[in-house]
Amino acid sequence: MEKSEILQKLPYAQPFLFVDELLEVNENRTSGTYSFPEDSYFYKGHFKEHPVTPGVILTECMAQIGVVCLGIFLLKDQKTADFKVALSNANVDYFLPVFPGEKVKVISEKVYFRFNKLKCKVK
């Protein structure tokens, strides 16, 4: 499956699509990038004098690139039209702020994939 096909199958649209580019996808890992536009809606009220990307948005970006893109790749041979995504657990440590206009790189490594449940370590 080509990277462009995975991006087309993502169940997200603007303004809630947080994937610009997939750099690598294979059955054990994925990596990709997203640049946070300076005029994103969530910056208007999240520290109005010094905007910072909210942690929940960073977590969503990590999930879209690190879990959903990898899941689409792993499910490529299944004939299912009903694609469901659920995040059951997220323990995230934030070490540095992400400011408007910054680009992040997400790297995900598969821990396991069984019974259509995918667990990844994402950074």
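The values are calculated or read from the model by the stated rules, or taken from the named source; none is laboratory data. The model shown is predicted, which means the values in this text are computed figures rather than measured ones. Heads up, the Cβs are rebuilt from the backbone with ideal geometry, glycines too, and the neighbour counts pull from every protein chain shown.
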### Summary
For segment 26-62, the count of residues that are among the hydroxyl-bearing types (Ser, Thr, Tyr) and part of a loop (DSSP other than H, G, I, E, B) equals 2
### Task
Please enumerate the residues belonging to segment 20-76 that are surrounded by 13 or more Cβ atoms within 10 Å (Cβ to Cβ), charged (D, E, K, R), touching a Ser or Thr at 6+ places or on another chain (Cβ under 7 Å) and within 25 Å of Asn89 (Cβ to Cβ).
Arg29
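Restrict the check to segment 2-20 and report whether at least one residue is over 13 Å from Cys61 (Cβ atoms), among the polar types (S, T, N, Q) and touching a residue at least 12 places away in the same chain (Cβ under 8 Å).
Within segment 2-20, the subset over 13 Å from Cys61 (Cβ atoms) is 2-9, 11, 13-14.
Checking the rest, the ones that are also among the polar types (S, T, N, Q) come to 4, 8, 14.
Restricting the remaining residues to those that are touching a residue at least 12 places away in the same chain (Cβ under 8 Å) gives none.
No, that holds for no residue.
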### Message
Checking Val104 against (1) part of a strand (DSSP E or B); (2) under 17 Å from the mean Cα position of the chain (by Cα); (3) at pLDDT below 95: exactly one of these is not met. Which one?
### Response
(3)
